[in-house]
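J.: I have a structure I would like to understand better, so I am pasting it below and will then ask my questions one at a time.
The values are calculated or read from the model by the stated rules, or taken from the named source; none is laboratory data. The structure displayed is predicted, hence computed values, not measured ones. Cβ placement follows ideal geometry from the backbone for every residue including glycine, while neighbour counts extend to all protein chains displayed.
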Amino acid sequence: MLVYLIFVVSLAALIYGADLIIDQSEKVALKFNISEYIIGATLIALGTSLPEMAASITASYNAKPELSISNIVGSNILNITLVLGIVLIIAKDVNPRRDFFAKDSSWALFPVVIFTAIILGGEIDRIDGFALLILMFAYILFLIKHDKDTVAIAHSKDELQEIKEFNWLKTIVILVIGFIMVVYGADYAVESASKIAKSFGVSDWVVGVVLIALGTSMPELVVSISAALKGKADMAIGNIIGSNMANITVALGAAAIARPIKLDFSIYTFDIATMLIATLMLVFITANKMYSKPAGISLITLLIIFMNHTIKSVI
């Protein structure tokens, strides 16, 4: 009974922590006239990717390469199919101001292609790890240098009052509290969900590939849905693209630096192919501005196919 209580409490912490992050990130963006996309793709994306980083680095250090890789691949698939899919289905009007296809699609695709090329060699060594970290640094530089949404805009009276009352110390404290709640909420959600799954006789592989990936994607899911429901589509989509970048470049890069990762590529052919297909679907959606419920349903359909194949292959 206790494990069920822990699961419910951890989910509540995730939801409340995500709400704190969204509110304070909006204030930071407003204070410095920074676009919501940059906030979502950097600050929020890196924060919500902490569970993936922790899980992959720990798995790699403990010589569990399969878990390290499957967590990243599974999380990236879920971020696009589940998170973006739900955002497109439940949000009343997803109409981002940013042209994601022109500015960001390549950054969603680059790390996936590079990761696939590296993994074909059967090993991700420390040099590869450093190279992946440099790619994330290049993405952040790109955002800072080429973002065009930071021009001065007219603010409402309420926004001007918020800018006047902005307090750095208060904002930082609340952001830290929010990230702690999101990260630890995800951690306990994963642990309790694993125990619940095992009590029903589900295999360890399914627990690792599905539940851990799902658990570490919970922060992205909650934060993006919360942002979308508040009409912050740029922040929601920015979090998804930025998180997927961070998962491969930072989480996997740091894991490879901690301990080179060796594995048999053939085992992960379907999973990696699914991640590539999901990323291409993201590019297609942004290229055609298909921010609609049918597009969301298409992403959920790919998720169902992926989950069905994964479960059938290990039972």
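J.: Which of the following residues is among the hydrophobic types (A, V, I, L, M, F, W, C), crowded, with 24+ Cβ neighbours inside 10 Å and either touching a Leu at 6+ places or on another chain (Cβ under 8 Å) or within 24 Å of LEU143 (Cβ to Cβ) (or both): ALA55, ALA91?
T.: Only one candidate qualifies: ALA55.
J.: Does segment 31-59 hold any residues that are assigned to a helix (DSSP H, G or I) and either closer than 17 Å to PRO96 by Cα or β-branched (Val, Ile, Thr) (or both), and which are they?
T.: Across segment 31-59, the qualifying residues are GLU36, TYR37, ILE38, ILE39, GLY40, ALA41, THR42, ILE44, THR48, ILE57, THR58.
J.: Next question, about the same structure. Based on this model, can you work out whether ALA63 counts as touching a Ser or Thr at 6+ places or on another chain (Cβ under 9 Å) and over 14 Å from LEU211 (Cα atoms)?
T.: no
Let's see how each residue does on (1) in contact (Cβ under 8 Å) with a residue 60 or more places away in the chain; (2) within 15 Å of VAL94 (Cβ to Cβ):
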residue	(1), (2)
ALA213	yes, no
GLU220	yes, no
LEU229	yes, yes
MET235	yes, yes
ASN239	yes, yes
ALA258	yes, no
ILE261	yes, no
PHE265	yes, no
ALA273	no, no
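J.: Moving on to the next point. Which one is surrounded by the fewest Cβ atoms within 10 Å (Cβ to Cβ), of the residues in segment 247-290 that are in contact with a Pro (Cβ under 7 Å, 6 or more places away or on another chain) and of a type outside the set (D, E, K, R)?
T.: Filtering segment 247-290 for residues that are in contact with a Pro (Cβ under 7 Å, 6 or more places away or on another chain) and of a type outside the set (D, E, K, R), the one surrounded by the fewest Cβ atoms within 10 Å (Cβ to Cβ) comes out as LEU263.
J.: Follow-up. Can you pull out the residues in segment 228-269 that are more than 19 Å from the chain's Cα centre (by Cα), assigned to a helix (DSSP H, G or I) and aliphatic (A, V, I, L, M)?
T.: Scanning segment 228-269 gives ALA256, ILE257, ALA258, ILE267.
J.: Hey, among the residues in segment 104-131 that are more than 16 Å from the chain's Cα centre (by Cα) and among the hydroxyl-bearing types (Ser, Thr, Tyr), which one's surrounded by the fewest Cβ atoms within 10 Å (Cβ to Cβ)?
T.: Filtering segment 104-131 for residues that are more than 16 Å from the chain's Cα centre (by Cα) and among the hydroxyl-bearing types (Ser, Thr, Tyr), the one surrounded by the fewest Cβ atoms within 10 Å (Cβ to Cβ) comes out as SER106.
J.: Six or more apart or on different chains, Cβ under 6 Å: which pairs go from a residue in segment 131-150 that's within 13 Å of GLY242 (Cβ to Cβ) and at pLDDT 75 or above to one that's exposed (fewer than 15 other Cβ atoms within 10 Å of the Cβ) and not acidic (Asp, Glu)? Could you list them?
T.: So the pair list comes out empty.
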